[in-house]
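Trainee: First the structure, then my questions, so here it is.
The values are calculated or read from the model by the stated rules, or taken from the named source; none is laboratory data. Being a predicted model, the structure only gives us computed values, none of them experimental. With ideal geometry, Cβ positions are generated from the backbone for all residues, glycine too; neighbour counts draw on all protein chains shown. Keep in mind that these areas ignore ligands, DNA and RNA; they rest on the heavy atoms of the full protein, side chains included. Shrake-Rupley method; radii C 1.70, N 1.55, O 1.52, S 1.80 Å.
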Amino acid sequence: MDLTSYAEWAVRLVNDPHPPPELLELRDELAALFDGTGGEQAVVARLNALLVRHPVRPQLSDHDGQRWHLHLAVDAHGTAAAGAVMGLAALVAELGADRLGRCQEPRCMRAFLDTSSNRSRRYCSARCASRANVAAYRARRRSGQ
């Protein structure tokens with residue numbers, strides 16, 4: 001089972017300024033993971049607490065004409081909270097808590113998953129990376145004149 005799509009759903013939820021009311025608390029709890037406050041041990045402790053509150057319930061599915069495969073079922077409220085938490089937990093277990101990041105473009109701060117091979121991602125998108133590079137270039141030009 002590939003849990004990447006569940007982790008990506010968690011990122012979309014964290015970056016959603018107006019989530020459905022039933023997901024507001026979860027969004028804030030997931031956002032704290034991306035802030036990295038307290039280091040890796042704190043991130044893992046928060047994830048473990050979320051895993052207890054949102055237990056995973058796998059189920060077999062054959063949607064879209066695919067062979068049988070596993071999905072994480074939605075909870076009683078119709079949300080995929082358990083999937084989001086499990087996706088992030090799997091990513092942290094495989095790659096480390098430092099792979100949960102915030103965009104370093106000062107006006108952005110969106111969450112992202114760093115799945116780069118060398119842990120080098122600093123921006124949520126190419127747009128933010130370009131904006132930051134242009135700002136740095138202009139700052140260098142101003143200071144050099």
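Trainee: Express the accessible area of the chain per residue in Å², computed with a 1.4 Å probe while the remaining protein chains stay in the model. Don't skip to the end; give the middle numbers.
Mentor: Values: 9060 Å² over 145 residues.
Value for the chain: 62 Å² per residue.
Trainee: Between Ala80, Ala126, Ala45, find the one with the highest GNM mean-square fluctuation for the chain; connect C-alpha pairs within less than 10 Å.
Mentor: In the Gaussian network model the winner is Ala126.
Trainee: Still on this model: Can you tell me how much longer the chain between Ala32 and Asp16 gets when fully stretched, taken as 0.36 nm per residue apart minus their C-alpha distance, in nm with one decimal? Spell out each step's value before the answer.
Mentor: Details: separation 16, 0.36 × 16 = 5.76 nm, distance 1.42 nm.
Here the segment from Ala32 to Asp16 would lengthen by 4.3 nm.
Trainee: Sticking with this one: Rounded to the nearest 500, what is the chain's calculated 222 nm mean residue ellipticity when only DSSP H runs of at least 4 contribute -39500 (n - 2.57) each, over all residues? The partial results should precede the final answer.
Mentor: Working: 5 runs with 73 residues, N = 145.
Mean residue ellipticity, 222 nm, calculated: -16500 deg cm²/dmol.
Trainee: So, one more: Before anything else, pin down the relative contact order of segment 52-121: Cα pairs under 8 Å, at least 6 apart, normalised by residue count, whole percent.
Mentor: That works out to 18 percent.
Trainee: Segment 50-145: which chymotrypsin sites (Phe, Trp or Tyr not before Pro) are DSSP loop and have at most 11 other beta-carbon atoms within 10 angstrom?
Mentor: Numbers: sites: Trp68, Phe112, Tyr123, Tyr137; in loops: Trp68, Tyr123.
Within segment 50-145, the qualifying chymotrypsin sites (Phe, Trp or Tyr not before Pro) (loop, at most 11 other Cβ atoms within 10 Å) are Trp68.
Trainee: Based on Cβ point charges of +1 for Lys and Arg and -1 for Asp and Glu, what charge dipole magnitude is obtained for the chain about its Cα centre, in debye rounded to the nearest 20? Kindly include the intermediate steps, with their values, before the conclusion.
Mentor: Values: 19 positive and 16 negative charges, 236 e Å.
With only Lys, Arg, Asp and Glu charged at Cβ, the dipole is about 1140 debye.
Trainee: Can you give me the long-range amide H partners of Ala73? Hydrogens built in the peptide plane at 1.01 Å from N, cutoff under 5 Å, separation of 5 or more residues or another chain.
Mentor: Counting only residues 5 or more places away or on other chains, the set is Arg57, Gln59.
Trainee: Just round it to a whole percent: the fraction of Cα-Cα distances in the chain exceeding 22 Å. Let's see the in-between values first.
Mentor: Numbers: 4747 of 10440 pairs.
The proportion of pairs with Cα distances above 22 Å equals 45 percent.
Trainee: Which net charge results for the neighbourhood of Gly87, defined as the other residues with beta-carbon distances under 10 angstrom from its beta-carbon, given Lys and Arg at +1 and Asp and Glu at -1?
Mentor: Here the count lands on -2.
Trainee: How far apart, in nanometres, would the label points at Asn48 and Ser125 be if each is projected 7 angstrom from Cα along the Cα-to-Cβ direction?
Mentor: Using points 7 Å along Cα→Cβ, the separation is 3.7 nm.
Trainee: Just to confirm the number: angle between the C-alpha axis of helix 24-35 and the first principal axis of the chain, 0 to 90 degrees, nearest 10?
Mentor: For 24-35 against the chain, the angle is about 50 degrees.
Trainee: Follow-up question, since we're still on this one. Grab the Cα-Cα distance for Ser61 and Asn118, subtract it from 0.36 nm times how many residues apart they are, and report the gain in nm with one decimal. Could you put the intermediate results ahead of the total?
Mentor: Numbers: separation 57, 0.36 × 57 = 20.52 nm, distance 3.48 nm.
Net length gain for the segment: 17.0 nm.
Trainee: What is the distance in Å between the Cα centres of segment 114-145 and segment 1-61?
Mentor: About 28 Å separates the Cα centre of segment 114-145 from the one of segment 1-61.
Trainee: Next question, about the same structure. With springs only between Cα atoms under 10 Å, which of Val92, Val43, Val134 fluctuates most in a Gaussian network model of the chain?
Mentor: Answer for the Gaussian network model of the chain: Val134.
Trainee: Something else now. Pop out the carbon and sulfur fraction of the accessible area of segment 4-144 as a percent, whole number, probe 1.4 Å. Intermediate values should be presented prior to the final figure.
Mentor: Numbers: 4560 of 8650 Å².
Carbon plus sulfur share of accessible area: 53 percent.
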